[in-house]
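The structure appears right after this line, and notes come after that.
The values are calculated or read from the model by the stated rules, or taken from the named source; none is laboratory data. Note that the structure is predicted; figures quoted are calculated from it, not measured. Glycine also receives a Cβ, built like all others from the backbone with ideal geometry; neighbour counts cover every protein chain displayed.
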């Protein structure tokens, strides 16, 4: 998913430890939006400094996920974020997709087990 949006607000960064590899990381939440609505963008490590309040950013190859029932925009390892030309127009903060709570439905994942030999 590719999104161009203006950074409305940004939280202070906090230190977290990865449960996967035990490494320390910094994480920050930024509220970004355009004329259709806004959503929380989760920023990790080096991406935190790439989004400042009042600037316009473009997220390429991002994805949306649910965190505790709230929708969030993520950059992920295959995505990137960059500053672009300023957004012209009003940001619609009335339609905040991250304030709404969505019910997570868990689907059973299929796993590859290979062929059994008897």
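Filter the stretch 53-74 down to residues that are crowded, with 17+ Cβ neighbours inside 10 Å and in a strand (DSSP E or B) and give me whichever is modelled with the lowest pLDDT. Per the stated criteria, the residue is 71. Tell me whether the stretch 8-16 contains one or more residues that are free of Cβ contacts under 8 Å to residues at least 60 places away in the same chain and in contact with a helix residue (DSSP H, G or I) (Cβ under 6 Å, 6 or more places away or on another chain). Yes: the stretch 8-16 contains one or more residues that are free of Cβ contacts under 8 Å to residues at least 60 places away in the same chain and in contact with a helix residue (DSSP H, G or I) (Cβ under 6 Å, 6 or more places away or on another chain). Hey, among 15, 47, which residue is part of a helix (DSSP H, G or I) and at pLDDT 90 or above? So the residue among 15, 47 that is part of a helix (DSSP H, G or I) and at pLDDT 90 or above is 47.
Restricting 20, 77, 110 to those that are exposed (fewer than 13 other Cβ atoms within 10 Å of the Cβ), modelled with pLDDT under 90 and within 16 Å of residue 1 (Cα to Cα) reduces the list to 77.
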